[in-house]
Amino acid sequence: MRKLIMWNVMTLDGCFEGNQNWDLSFHGTVYGEELERLSIEQLNAADCIIFGRVTYEGMAAYWTNEKGEVADLMNGIPKIVISKTLKTADWNNTTLISENAAAEIKKLKKQDGKDMYVFGSANLSETFINEDLFDEYRICIAPVLLGNGQPLFRQGIVPKNLSLVSTQQLTTGGVILKYSR
């Protein structure tokens, strides 16, 4: 059985982006050699990445023009985009799911294979949290107080007790926290 893993970077005050979509300027405070290695490890340990529409569109626009090992992995790995509004998903190796997302992910989790990751996609993640689909949460805390922005965990999510799996301090000052259900 596969695991579904959330991967996100957020500020110390809980924001996953600023007030505008794709305001991710704080990512630069934690990104470096260590996160690049982790990105490669995670992509090699996955057989698909799952996105909501907004994250999918931003990631597709960015990664299709990039070069390097992470770009090759991002462009080559199978991707699933969950959207009721998209009609097509043209990024290489992308499948579009427009109905019954939680049920479809439950089916995929029961199959043999590598882990599945949700990158970014806070709205989709909220749905998966409330459906109790995540097996693991991996959060990189950026040493930034943004003061305003979009929270990763909004009011109204179903409460969950989690167990700390590991912590990793980065030389950039960030910390990666891994929790399981």
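A compact table of results
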{"quantity": "Trypsin sites (Lys or Arg not before Pro) restricted to DSSP loop in the stretch 29-76 with at most 16 other C-beta within 10 Å", "calculated": "Lys67"}
{"quantity": "Exposure of Leu24 as accessible area (Å², to 10), given a probe of 1.4 Å and all protein chains", "calculated": "50"}
{"quantity": "DSSP beta bridges in the chain [antiparallel fraction, %, rounded to 5]", "calculated": "40"}
{"quantity": "Gyration tensor verdict on the chain (Cα atoms; rounded if a/c is under 1.5, prolate if a/b is larger than b/c, oblate otherwise)", "calculated": "rounded"}
{"quantity": "Estimated inter-spin distance, Lys114 and Ala61, nm [label 7 Å along Cα→Cβ]", "calculated": "2.8"}
{"quantity": "Average accessible surface area per residue within the chain, 1.4 Å rolling probe, Å²", "calculated": "52"}
{"quantity": "Listed pairs Lys106/Lys160; Lys110/Lys160; Lys3/Lys67; Lys107/Lys160; Lys84/Lys109; Lys84/Lys110 exceeding 27 Å between Cα atoms", "calculated": "Lys3/Lys67"}
{"quantity": "The stretch 83-175: GluC sites (Glu not before Pro) falling in loop per DSSP and having at most 16 other Cβ within 10 Å", "calculated": "Glu99, Glu131"}
{"quantity": "Of all accessible heavy-atom area on the stretch 55-129, the percent that carbon and sulfur account for (1.4 Å)", "calculated": "48"}
{"quantity": "Largest-first ordering by accessible area, 1.4 Å probe, given options Met6, Met59", "calculated": "Met59, Met6"}
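The values are calculated or read from the model by the stated rules, or taken from the named source; none is laboratory data. On a predicted model such as this, the values are computed, not experimentally measured, just so you know. We place every Cβ from the backbone using ideal geometry, glycine too, and count neighbours over all the protein chains shown. Note: areas computed on protein heavy atoms with side chains; ligands, DNA, RNA excluded. Shrake-Rupley method; radii C 1.70, N 1.55, O 1.52, S 1.80 Å.
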